[in-house]
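J.: Take a look at this one; I'll ask things after.
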Amino acid sequence: MTIDESLFRDIEAFIYHEAELLDNHQHNEWLELWDEQASYRMPVRVTHTKRQKGQEFQENFGHFDETKEMLGMRIKRLSTSTAWAEEPQSRTRHFVTNLRINALDNEQYQLKTNLMLYRNRLDDAGHDLLSAERHDVIHQVNGEWRILKRTIYMDQATLGTLNLSIFL
Amino acid sequence: MPNPDLISTIAEAINKGELPLGVFNSPELFELEKERLFAKSWNFLAHESEIPNAGDYVQRYIVDDSFIVTRDKQNRVHVVLNACRHRGRKVCSVEKGNARNFSCPYHGWVYDLDGALIDIPYEDEGYGKDAIDHADWGLMSAPKMGIWRGMIFANLDPNAESLDDYLGDAKWYMDFYTNKSEAGLEVLGSPQRWVVDADWKLAADNFVGDGYHTFITHASTITAGMLPAQSGDFLLDGIQVAMEHFGIGLARQDPLFNSLAYPPPMMEAMRKRFNPEQIAMLDQGVSLPTHANLFPNLSFLNAPGAYTAMAPPAPYMTFRIWRPLAAGKTEIWSWCMVEKDATDEFKQTSYKAYILSFGTSGTLEQDDAENWSQITLPAKGIMASKLSLNYSMGQAILKPIDDWPGPGNAYPLDFTEFAQRAFWKKWISTLEAE
């Protein structure tokens, strides 16, 4: 099904808005974008041969495997003054590109986006770069977009960052 | 060669209950650790459940040495160096898979799952018929390997004592992690791997005997609810056991923590598997063992974690390897372990509890790694590297418990540093040995 231009722009604006909330550390506002039944997953990736590549992403084991409640607990922690991994906070920039939209048959939309996440902390001039493809399912609740499902497919098997105290 | 003054200065400090900060970011010590410590230690590589079927393999490391851990068609486990005997190319370049054999992409030498050389392309033309004895040119096996409770270890020292002898009395405590059920453990998925700017010894030092840090480092996780303890000092009134090569901490405050949130039927079932002395320990009102480290860099953690208000906390268990990559740089390998015969529901809740508390995104782990990196980075400094760190906790006030049913010296507080001091004594004596 083709996606008309205005719908495409609307969804595009939504994902940019979402990225902005994360980069601004507006975690509570970000959490509101998630459906009550949401899942947020980042499967562990294991390098396999090309022939066995289908087994690369672990179905049942991730770096994240969150319900909305779990996301909320993480965010509550970040709001304390003792979440040391984010004290001071990471400076992040979510570059979200290559939006592809596929209409599902129940008024849900499947999005694919490419993510380049720049992360810098403290007075270090260096940075971590985390690259991934995100697969989202979104739908509208009372006229507002809500994310039902996000799966983050990392482009690293061994992650090159101190921790995942940030969201992708 | 190492500067003999460096080692003797550190040894003197350790004997006084001190440690120079520089040990956490020293290229000289890293090289010495590679040669004298990791090349002579029992290194944990994999769990048998990661390679359940014939032909299954994983690639694993001892510092810079890559090994393939395989299961052959006779169900035997092998640990072979991942380097072709012709030009040294890695014959396995993936982390995991299933294979009939390993074929080197450079010139096509083929090796069986046990490392035996099967084929040299153009052998007759290039080398002459029967000129090469294939038996001499297989993939090198690790000089020693051993399996205990499904845990596969290797040692690069052909003269090393057996794994069983090395584990020794530590097995009495490791039982609690590995022997909770008839079927034993399995790995959920594959280990999470990530690289941190922190020294491996900080992680080992933390897991071996740091009950103290939780009240401040992990305070946020009590506020936010993933750490289901009354307060962050839940290990204050705990037990710490120090052995030469092993240290472990136990809680003894509240009933929930003591069972680590294992459901009553699992607690009852596991009690039938422990021996009378082990039961006597639990019946003193102490928890199942929580944090531990087996020298040098295999850590354990078994703890309760909450992930929803809709269900009680669940226990999770993680095995760790802190793989040194360079001075001040470590690759963390985190396995999430669960009883193989547990219900799918238990496995799922245990996984959720793990992922919210430990591993790459774990909320307790995040703050641990932050501490370790902020010790490691400044440790390079000229003045900072000589800074003397205080490792004296408990020395002046604690004596071992007389009637402790288990091996090692048990102290009646986990806010103490006996296990850490034992770790550092073992570390420096290993580096001193030629």
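The values are calculated or read from the model by the stated rules, or taken from the named source; none is laboratory data. Since this is a predicted model, take the numbers as computed values, not measurements. Positions of Cβ are backbone-derived with ideal geometry, glycine not excepted, and every protein chain shown enters the neighbour counts.
J.: Quick one: which of A:T113, A:T82 is of a type in the set (S, T, Y) and facing chain B (nearest Cβ under 9 Å)?
T.: Step by step, each of A:T113, A:T82 is checked, and only A:T82 is of a type in the set (S, T, Y) and facing chain B (nearest Cβ under 9 Å).
J.: Restricting attention to segment B:204-214, report how many residues are under 30 Å from B:V94 (Cβ atoms) and surrounded by fewer than 23 Cβ atoms within 10 Å (Cβ to Cβ). Reasoning before the result, please.
T.: Let us first name the residues in segment B:204-214 that are under 30 Å from B:V94 (Cβ atoms), namely B:204, B:207.
Retained after the next criterion (residues that are surrounded by fewer than 23 Cβ atoms within 10 Å (Cβ to Cβ)): none.
Count: 0.
J.: Examine segment B:175-191 for a residue that is polar (S, T, N, Q), more than 14 Å from chain A (Cβ to nearest Cβ) and surrounded by 19 or more Cβ atoms within 10 Å (Cβ to Cβ), and state whether such a residue exists.
T.: Going residue by residue through segment B:175-191, those that are polar (S, T, N, Q) are B:178-179, B:181, B:190.
Subset that is more than 14 Å from chain A (Cβ to nearest Cβ): B:178-179, B:181.
With surrounded by 19 or more Cβ atoms within 10 Å (Cβ to Cβ) added as a condition, the list becomes B:178.
There is at least one residue in segment B:175-191 that is polar (S, T, N, Q), more than 14 Å from chain A (Cβ to nearest Cβ) and surrounded by 19 or more Cβ atoms within 10 Å (Cβ to Cβ).
J.: What single numbered condition from (1) surrounded by fewer than 14 Cβ atoms within 10 Å (Cβ to Cβ); (2) of a type outside the set (D, E, K, R); (3) over 17 Å from B:M243 (Cβ atoms); (4) in contact with a strand residue (DSSP E or B) (Cβ under 7 Å, 6 or more places away or on another chain) fails to hold for B:A396?
T.: (4)
J.: Output the number of residues of segment B:339-380 satisfying the condition of being in a helix (DSSP H, G or I), facing chain A (nearest Cβ under 8 Å) and over 15 Å from B:P228 (Cβ atoms). Walk me through how you get there before you give the answer.
T.: Within segment B:339-380, the subset in a helix (DSSP H, G or I) is B:344-357, B:363-376, B:378-380.
Imposing the further condition that a residue be facing chain A (nearest Cβ under 8 Å) reduces the set to B:351-352, B:355-356, B:363, B:365-367, B:369-371, B:373.
Now narrow it down to the ones that are over 15 Å from B:P228 (Cβ atoms): B:351, B:355, B:365-367, B:369-371, B:373.
Total satisfying the criteria: 9.
J.: Being among the small types (G, A, S) and surrounded by fewer than 24 Cβ atoms within 10 Å (Cβ to Cβ) narrows it down to one residue among B:A309, B:A251; which is it? Step through it out loud before you land on a result.
T.: Details: B:A251 fails: surrounded by fewer than 24 Cβ atoms within 10 Å (Cβ to Cβ).
Just a single option satisfies the conditions, and that option is B:A309.
J.: Quick check: is even one residue across segment A:22-43 among the hydrophobic types (A, V, I, L, M, F, W, C), in a helix (DSSP H, G or I) and exposed (fewer than 13 other Cβ atoms within 10 Å of the Cβ)? First the steps, then the outcome.
T.: Here is the first cut: in segment A:22-43, the ones among the hydrophobic types (A, V, I, L, M, F, W, C) are A:22, A:30-31, A:33-34, A:38, A:42.
From what is left, the residues that are in a helix (DSSP H, G or I) are A:22, A:30-31.
Still in the running and exposed (fewer than 13 other Cβ atoms within 10 Å of the Cβ): none.
Within segment A:22-43 (the criterion being among the hydrophobic types (A, V, I, L, M, F, W, C), in a helix (DSSP H, G or I) and exposed (fewer than 13 other Cβ atoms within 10 Å of the Cβ)), the answer is no, since none of the residues qualifies.
J.: Further question on the same structure: Could you list all residues from segment B:121-135 that are more than 40 Å from the chain's Cα centre (by Cα), in a loop (DSSP other than H, G, I, E, B) and within 18 Å of B:C84 (Cα to Cα)? Please lay out each step first, then the result.
T.: At the first step, the residues of segment B:121-135 found to be more than 40 Å from the chain's Cα centre (by Cα) are B:121-132.
Okay, now just the ones that are also in a loop (DSSP other than H, G, I, E, B), so B:121-122, B:127-132.
If the condition is that a residue be more than 40 Å from the chain's Cα centre (by Cα), in a loop (DSSP other than H, G, I, E, B) and within 18 Å of B:C84 (Cα to Cα), then B:P121, B:Y122, B:Y127, B:I132 are the ones that fit.
J.: Right, another one. Which one of these is under 24 Å from A:L168 (Cα atoms) and in the same structural domain as B:A203 (by TED's automatic domain parsing): B:G362, B:G394?
T.: Numbers: B:G394 fails: under 24 Å from A:L168 (Cα atoms).
Unique residue meeting the criteria: B:G362.
J.: Something else about it: Give me a count of the residues in segment B:215-229 that are more than 9 Å from chain A (Cβ to nearest Cβ) and outside any helix (DSSP H, G or I). Talk me through it step by step, then tell me what you get.
T.: Applying the first criterion (more than 9 Å from chain A (Cβ to nearest Cβ)) to segment B:215-229 yields B:215, B:222, B:227-229.
Still in the list and also outside any helix (DSSP H, G or I): B:227-229.
Number satisfying all stated conditions: 3.
J.: Now a separate question. Report, ordered by the first and then the second residue, all pairs with beta carbons closer than 8 Å, sequence separation of six or more or different chains, a first member in segment A:155-166 that is more than 7 Å from chain B (Cβ to nearest Cβ) and farther than 11 Å from B:A369 by Cα, and a second member that is part of a strand (DSSP E or B) and of a type in the set (D, E).
T.: A:D155/A:E133
J.: Considering only strands (runs of 3 or more DSSP E) fully contained in segment B:1-90, which possess at least 3 residues that are among the aliphatic types (A, V, I, L, M)?
T.: Qualifying strands (runs of 3 or more DSSP E): B:77-81.
J.: Name the residues in segment A:2-57 that are of a type in the set (D, E) and within 30 Å of B:C92 (Cα to Cα), would you? Steps first, please.
T.: Quick first cut of segment A:2-57, residues of a type in the set (D, E) only: A:4-5, A:10, A:12, A:18, A:20, A:23, A:29, A:32, A:35-36, A:56.
Hit for segment A:2-57 is A:E56, nothing else.
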